[in-house]
1. Filter the GluC sites (Glu not before Pro) in segment 290-352 down to the DSSP loop ones having no more than 13 other Cβ atoms within 10 Å, then list what survives.
2. Return, ordered by residue number, the residues of segment 79-114 whose backbone nitrogen is under 15 Å from a label point located 7 Å along Cα→Cβ of Ile54.
3. So if we plug the beta-carbon distance of Leu197 and Ala227 into 1/(1 + (r/R0)^6) with R0 = 22 Å, what FRET efficiency do we get, rounded to 0.05?
4. Let me have the 222 nm mean residue ellipticity of the chain computed from DSSP H runs of 4+ only, each contributing -39500 (n - 2.57), with the sum over all residues rounded to the nearest 500.
5. Using a 1.4 Å probe on the protein heavy atoms, what percent of the accessible area of segment 241-318 belongs to carbon and sulfur?
6. Any chance you could give the angle, 0 to 90 degrees and rounded to 10, that helix 202-214 forms with the longest Cα principal axis of the chain?
7. Rg(Cα) of the chain divided by 2.2 N^0.38 Å?
8. Where a Cα-Cα gap under 15 Å defines reach, which aspartates and glutamates qualify for Lys348, not counting those fewer than 8 residues away within the same chain?
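The values are calculated or read from the model by the stated rules, or taken from the named source; none is laboratory data. The structure displayed is predicted, hence computed values, not measured ones. We place every Cβ from the backbone using ideal geometry, glycine too, and count neighbours over all the protein chains shown. The accessibility values were calculated without ligands, DNA or RNA, using every heavy atom of the protein model including side chains. Shrake-Rupley method; radii C 1.70, N 1.55, O 1.52, S 1.80 Å.
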Amino acid sequence: MYLALKMALAAATFYILSWANPVRAADGPKPLFAGDDVLSLTLTGPVETISREITAKPVSGVLKVGGAAPETLPVSLSARGITRRKKEICTFAPLRVEFTEKPGPSSIFKGQKRLKLVTQCQRMADYQQYLLLEYTAYRLYRALTPESFNVRLAKIDYTGKDGRALNTRIGFFIEDVDDVAKRNGQERLRGVGKISLSQLDAAAAARYAVFEYMISNLDWAMTAGPAGADCCHNARLLGAEGASGASTGLIPVPYDFDYAGLVNAPYAVPPEGIHVANVRVRRYRGFCAHNEQAKAFLAQISTRRDSLMAILNETPQLEDRTRRNAAGYLGDFFEEAGSPSKVADLMKVCLH
C-alpha cells in the first residue's frame, strides 16, 4: 500500500514538473506538421544515382505537391544518414531535401528550409513496414511530450531527370530541430560534443530512457556524440535561450529509431559493448541518478496503454501481421511497467 501511494505521488509530481511548464509549447507546428493526412508528392531528380559520399554536392530536383493545393518547388537533394547511407544496407538512401527558393505563404512547406526525408531502404514490401513502424515510434514519443520531433507521411512518386517513372514509395519528413526548440520556447545546444550527467534535466532524461526501453532501442547516447559532431548520438539537446555547455536542465530529444526492436529491421544489430542476443531483447540504459524520475514515468505511462496502442492502430498501411506483432511487443512492456516488482528489478540495471 505504501509503495503504491509513493509511486502515485511520484507520478503526480513528475506530471506537474514535466507538463505544466508555461515556457514550453510557445509556438504551434508549421503547416507541414499541423496535420497527419498522407501527402501526395512527386520528387523528380537523379534520386537513384545520388552520390553517397559525405563530401558530395547536392543535386537539383523538383518537388511537386498534389491534391487540392498543387504546387511545384525547386529543391536540392543529397544523401544523408550513417548506416542507411551505405549501399550494402540500403539500395535507396535517406535524403535531405533543401528548398532552393522560399516556399510561398500558402505552401504546405511554408517556413521550411531543410528537411530530412526517411525513405524505404529496400524495394521489398517488408521494408515499407519497417518504415511505418519507425514513423509510429516518432508519434509515440510525440504523444508523451511536446519536446519531440513531429513527422509527416507522404506517398512519393519518384521520377528521373528525364521524367521517367521510377517507383512509388511511402516516406516521411522529420521536423527540423530548430523548429522543435522554437515550439517549446527553447533553443538547440550547438558546438558541444559531450556533456556531464548533471547537465541533464532529470525528468526528461528518465522519460527518454524509459521510452527507448519501451521500443527496445539501444542505438543512442544522452551525453556524448560522434567525434566532431554535436551532442548527442541519435539525440539533440534543447535548453533555455542562451544555453551553453555549462547549462543545466538540458532536454535530450531522440530520433532515428530504425535500430529499435519495435521496428526489427534486418540490418539492426545491438551496439558494440551491449551484450544482448538481438535488438528485440530490451536492456534499460537509464542513469541510476534518475531512478526516481524513471519510476514515476513508468507509473504514468502504464496508465496510458490504450491511448498509445491507439497510435499504433492509426498508422496507415500497416499489415495486420505487423500490427499484431508490434502490439504484442509493446504489450510486454506495459505488463512490466505496471508491475512494481518488475520496475524495481529494472532499476537495478541502471547506468552509474
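1. Values: sites: Glu292, Glu314, Glu319, Glu335, Glu336; in loops: Glu319.
Here the GluC sites (Glu not before Pro) that fit, given the DSSP loop and packing criteria, are Glu319.
2. Under 15 Å, as judged by backbone N against the label point of Ile54, lie 79-86 of segment 79-114.
3. So the FRET efficiency works out to roughly 0.65.
4. Per the formula, -9500 deg cm²/dmol.
5. On the way: 1560 of 3370 Å².
After summing per-atom areas, the C and S share lands at 46 percent.
6. That works out to roughly 70 degrees.
7. Scaled against compact globular proteins, the figure is 1.00.
8. List returned: Glu292, Glu336.
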